[in-house]
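S.K.: Structure incoming, see below.
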Amino acid sequence: MKILNTFIFISLIGLFATSCTKDKCRQEVTYTKYDPVYSTYEEIRAEIQSEAPRDLENPGKIYFYQNHIFINEFLKGIHIIDNTNPENPTPISFIPVLGNIDMAIKNDQLIVDNYTDLVTLDISDLNQVRLLNREEDVFWLNGSDENGVIVRYSTEEVTEEVDCDWQGRNGGFLLDNSFFGSAAEAGVGTVSPGGVDNNASGIGGSFARFTLYNDYLYIAQDWQIRVFEISDPAAPGERESVNARLVSETAYVYRDHLFIGGTTGMNIYDLSNPEAPNYISGYSHMLGCDPVAISGDYAYVTIHQGTTCRGDLDQLDVLDISNIFNPILKESFPMESPHGLAATPEALYLCEGDFGLKIFDNSDPLKVGDNLLSHYVNFEAYDVIYLPGQTDILLLIGADGFYQFDVSDPSQPREISYLPVIKS
């Protein structure tokens, strides 16, 4: 009995000591807290009217249409710039469109995303745009409740004392930024010179998700290609979506084919029946972000690391697409942080993120990554547009502003104008 009582006494002491240890086991941690930011549908669908020009603060994607530059202000709207004289671009107005990331233009009608909605605006008068149509609830957002629609997450660095067994996954926060990327990452369809009449339609950058082909708008969205018939852009009619066969990120039309870039590769669709793009071929790579540019019989694909891409590659892939039914990876070239790009038979223009702009000799596509012509540094480069039919002008958007270069001599690009980012 004495032995039993002694055992119970010792056990109680052990339990008490353990309890005290757990009560006193605290640690200080610093983490990034994510809090949802809401908008009501009334706020999202507020009247859209032209405003006076604004400064660039957080520029996203770029678009060129009839001597004008359209620059997305991430989640806020679109800057319109008169580029009749590329050496003196002149801001003329701003279109406030909440939640805007992408755009496409056909016949003076601007089609944009407005958080959940697809909106068409008449831009025949660039100083006074006019709402033509609103298709509601086209895009799914990540949630809503009694507070409204979650449109983004604000971040806050928090330091506090927590239990030792705290895992950092409860509440409304995560330890990594997996909700939204930067303006440039959000991505990023383009309109190819071979795909449309550039007098009627514009040209986007390589990160765009909206792209046009004749009377159709294609939107790369998650595992789908959304298809809209826009013979009357003021009344787009959605057709049956097409399986993208990967998590789609970018859309690019070249000649009669649609190229979809995604997190795991690139897929090609035949547009003989533009209402129902038909998958014909593709290629796969390791996980990474994936914009596409094409010149002649070659497709150029960049893969880069990033929080939204979740890959660990930084490289340029060159594919032979002379047989469109069987794209073949011919060469891969290591890069530093490849983002958007543009290709011509003479040169490849490659944005290297924090490492600036690189221009390569593209006379031999299979050696392009080894033939660096010039490297413009000390700024962040996200995406570019090479203007066909122009005087060798390259448009470039980056974290610190909008640049234009004279690239008539690719080995010596000359900066001819710059609109800076000005933080409020």
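S.K.: Mind checking which residues of the stretch 125-134 are among the polar types (S, T, N, Q) and either at pLDDT 95 or above or touching a helix residue (DSSP H, G or I) at 6+ places or on another chain (Cβ under 8 Å) (or both)?
M.R.: Within the stretch 125-134, 133 is the sole residue that qualifies.
S.K.: Also, quick follow-up: Quick one: in the stretch 218-239, which of the residues that are in a loop (DSSP other than H, G, I, E, B) and in contact with a strand residue (DSSP E or B) (Cβ under 7 Å, 6 or more places away or on another chain) is nearest to residue 107 (Cα to Cα)?
M.R.: Among residues in the stretch 218-239 that are in a loop (DSSP other than H, G, I, E, B) and in contact with a strand residue (DSSP E or B) (Cβ under 7 Å, 6 or more places away or on another chain), the one nearest to residue 107 (Cα to Cα) is 233.
S.K.: Select from the stretch 46-100 the residues that are basic (Lys, Arg) and outside any strand (DSSP E or B) and write down the one among them that is surrounded by the most Cβ atoms within 10 Å (Cβ to Cβ).
M.R.: 76
S.K.: Counting just the residues of the stretch 319-366 that are assigned to a strand (DSSP E or B) and acidic (Asp, Glu), which one comes out nearest to residue 281 (Cα to Cα)? Break it down into steps so the answer makes sense when it comes.
M.R.: At the first step, the residues of the stretch 319-366 found to be assigned to a strand (DSSP E or B) are 319-320, 328-334, 341-343, 347-351, 353, 357-361.
The next check asks that each one be acidic (Asp, Glu); those that pass are 320, 331, 361.
On the way: 320: 12, 331: 19, 361: 28 Å.
The selected residue is 320.
Table: residues versus (1) over 22 Å from the mean Cα position of the chain (by Cα); (2) at pLDDT below 95; (3) of a type in the set (Ser, Thr, Tyr).
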{"position": "43", "(1), (2), (3)": "yes, yes, no"}
{"position": "55", "(1), (2), (3)": "no, no, no"}
{"position": "82", "(1), (2), (3)": "yes, no, no"}
{"position": "99", "(1), (2), (3)": "no, yes, no"}
{"position": "104", "(1), (2), (3)": "no, no, no"}
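S.K.: Take the residues of the stretch 360-384 that are buried (at least 24 other Cβ atoms within 10 Å of the Cβ) and among the hydrophobic types (A, V, I, L, M, F, W, C): which is farthest from the chain's Cα centre (by Cα)?
M.R.: 360
S.K.: Let me ask something else about it. Between 137, 117, which is surrounded by fewer than 21 Cβ atoms within 10 Å (Cβ to Cβ), at pLDDT below 95, touching an Asp or Glu at 6+ places or on another chain (Cβ under 6 Å) and of a type in the set (D, E, K, R)?
M.R.: 117
S.K.: Would you point out which residue out of 329, 341 is surrounded by 14 or more Cβ atoms within 10 Å (Cβ to Cβ) and under 29 Å from residue 81 (Cβ atoms)?
M.R.: On inspection, the qualifying residue turns out to be 341.
The values are calculated or read from the model by the stated rules, or taken from the named source; none is laboratory data. As the structure is a prediction and not an experimental result, all values here were calculated from the model. Glycine also receives a Cβ, built like all others from the backbone with ideal geometry; neighbour counts cover every protein chain displayed.
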